[in-house]
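Trainee: Sharing a structure with you now.
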Amino acid sequence: MTETSTGAAEAGIYELTRGASLVAATITMGLMAGLFFAWAQGVMTGLHRSSDRTFVEALQQMNVAILNGWFALAFGGAVVLTAVTGVLHLRSDARSVLPWIVAAFVLYLLVLIVTAAVNVPLNNELMAAGPVDRITDLAGVRAHFETTWVRWNILRAVLNAAAFGCLTWALVLHGRLTGRG
């Protein structure tokens, strides 16, 4: 292999890595946007129509069930893969894509902040209330949780959807830069 062909091969591998990381970041961001949207538009609106006992018991069970490897992969993957993608796009030939990746990263950081500051503490309080058979004021437990959790989850859904949109646009720009879009 000549020096020129080695350089071209390395550039091709770098471009493939950059594109693959952008696709992976977009997929994980989309998974999270879909999750928050589903909770906002389906899960919580359906549970709103249920009894206090059903509401508390269902959410306690879902809070346990959602903490699994697949969720961790998407939840953590969205931030890690977006950050890696941003670093890979620092080179001057891909800088036009970078602002969209940075915007997605910042929007998802806001999702993480809301999650850590509001939603997780409320989830923990709901779990700390104990088994539904032992909760004497199910209506109070629900009232303390529901309105605040739902409001902040809608914000997470909007922020995450915007982050997903930014990465989707970054994919379009990336494709144009590489002559594939």
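Where a number appears in this text, it was derived from the coordinates with a stated rule and is not lab data. In this text, all values refer to a predicted model and were calculated from it rather than measured experimentally. Counting neighbours? That spans all protein chains shown, and the Cβs are built from the backbone with ideal geometry, glycine included.
Trainee: Can you give the angle from 0 to 90° between the axis of helix 52-65 and the longest principal axis of the chain, with both taken from C-alpha atoms, to the nearest 10?
Mentor: 30
Trainee: If I stretch the segment between Met62 and Leu110 completely, what's the gain in nm (0.36 nm per residue apart, minus their alpha carbon distance), one decimal?
Mentor: Gain in length upon complete extension: 15.0 nm.
Trainee: Based on the Cβ-Cβ distance from Arg134 to Ala72, what FRET efficiency comes out when R0 is 22 Å, to the nearest 0.05?
Mentor: In this case the efficiency is close to 0.15.
Trainee: First measure r as the distance between the Cβ atoms of Ala38 and Arg91, then evaluate 1/(1 + (r/R0)^6) with R0 = 45 Å and state the FRET efficiency to the nearest 0.05.
Mentor: Calculated transfer efficiency: 0.75.
Trainee: For an R0 of 45 angstrom, estimate the FRET efficiency from the Cβ-Cβ distance between Arg49 and Ala20 and round to the nearest 0.05.
Mentor: On the way: r = 43 Å, r/R0 = 0.96.
Working from the Cβ atoms, E equals 0.55.
Trainee: While we're looking at this one, here's another question. For Ala143 and Thr178 in one chain, what is 0.36 nm times their gap in residues minus the Cα-Cα distance, to one decimal in nm?
Mentor: 7.3 nm
Trainee: Additional query: Excluding Val141 itself, what net charge comes from residues whose Cβ is under 14 Å from its Cβ, given Lys and Arg +1 and Asp and Glu -1? Don't jump to the answer; show the numbers that get you there.
Mentor: On the way: positive: Arg53, Arg134, Arg142; negative: Asp52, Glu57, Glu125, Asp133, Asp137, Glu146.
It works out to a net charge of -3.
Trainee: For the Cα atoms of the chain, what angle does the longest principal axis make with the long axis of helix 3-38, in degrees from 0 to 90, nearest 10?
Mentor: Roughly 20 degrees between the two axes.
Trainee: Using only Cα atoms, find the angle between the long axis of helix 69-88 and the longest principal axis of the chain, and express it within 0 to 90 degrees, rounded to the nearest 10.
Mentor: That works out to roughly 30 degrees.
Trainee: Test of the criteria: in the stretch 1-55, which chymotrypsin sites (Phe, Trp or Tyr not before Pro) are in a DSSP loop and have at most 15 other Cβ atoms within 10 angstrom of their Cβ?
Mentor: Values: sites: Tyr14, Phe36, Phe37, Trp39, Phe55; in loops: none.
Here no chymotrypsin sites (Phe, Trp or Tyr not before Pro) fit, given the DSSP loop and packing criteria.
Trainee: Here's another thing I want to ask about it. Suppose a student asked you for the relative contact order of the stretch 105-181, using Cα pairs under 8 Å spaced at least 6 residues apart; what percent would you report?
Mentor: Relative CO of the stretch 105-181 lands at 44 percent.
Trainee: Here's a follow-up. Over all directions, what mean area does the Cα convex hull of the stretch 10-121 project, stated in square nanometres?
Mentor: On the way: hull surface 32.1 nm².
Result: 8.0 nm².
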